1. So for the chain, averaging the separation of alpha carbon pairs under 8 Å that are six or more residues apart and normalising by length, what relative contact order in percent results?
2. Rounding to the nearest 10 and keeping the result within 0 to 90°, find how far the Cα-based axis of helix 63-93 lies from the longest principal axis of the chain.
3. Please report, in debye to the nearest 20, how large the charge dipole of the range 28-106 is about its Cα centre when each Lys and Arg carries +1 at its beta carbon and each Asp and Glu carries -1 there.
4. In the chain, if the dipole is taken from +1 on Lys/Arg beta carbons and -1 on Asp/Glu beta carbons about the Cα centre, which of VAL10, VAL81, LEU101 is farthest to the positive end?
5. Report the FRET efficiency, 1/(1 + (r/R0)^6), for VAL5 and PHE70, where r is their Cβ-Cβ distance and R0 is 22 Å, rounded to 0.05.
6. With 20 Å as the cut-off, how large is the P(r) tail for the chain, expressed as percent of Cα-Cα pairs?
7. Would you calculate, for the chain, the mean residue ellipticity at 222 nm contributed by helices, counting each DSSP H stretch of 4 or more residues as -39,500 (n - 2.57) and dividing by all residues, to the nearest 500?
8. Just to be sure I understand: with springs between alpha-carbon atoms less than 10 Å apart, which residue in LEU29, LEU14, LEU45 has the highest mean-square fluctuation in the Gaussian network model of the chain?
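Coordinate-derived values only; no laboratory data. Given the structure is predicted, the values throughout are model-derived calculations rather than measurements. With ideal geometry, Cβ positions are generated from the backbone for all residues, glycine too; neighbour counts draw on all protein chains shown.
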Amino acid sequence: MNSLVSGIPVSFFLGLAGVLFSIGVLGVLMRRNAVVIFMSVELILNSVNLVFVTFSKSLSNISGETIVFFVMAIAAAEAAVGLALVIAIFRHKKSTNVDELQSLKW
């Protein structure tokens, strides 16, 4: 395993990914706005992608980068469907606060 990726130690990338993941988890747990929660989930997915790419580069293996491609495709689909749901709920409830969405009935 190579301890440097483009001249930067692997531990720096992993530390950054840990910080991004922590911020994303805190955003999901503490915020009540649906759009902010979706942004926090995207932040979590991007931190995981950073870990995959870091280990892929340090081990000189392309499988991590392949997984990142599929994670990005799934994240794009999740964002599109999630945003469409938020818009539909906002049109009906006039709010994106998840505390006000207690049931699935209109």
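1. In percent, rounded to a whole number, it is 28.
2. Helix 63-93 sits roughly 10 degrees off the main axis of the chain.
3. 320
4. LEU101
5. Approximately 0.55, to the nearest 0.05.
6. Here the tail beyond 20 Å accounts for 51 percent of pairs.
7. The per-residue figure over the chain is -26000 deg cm²/dmol.
8. LEU29
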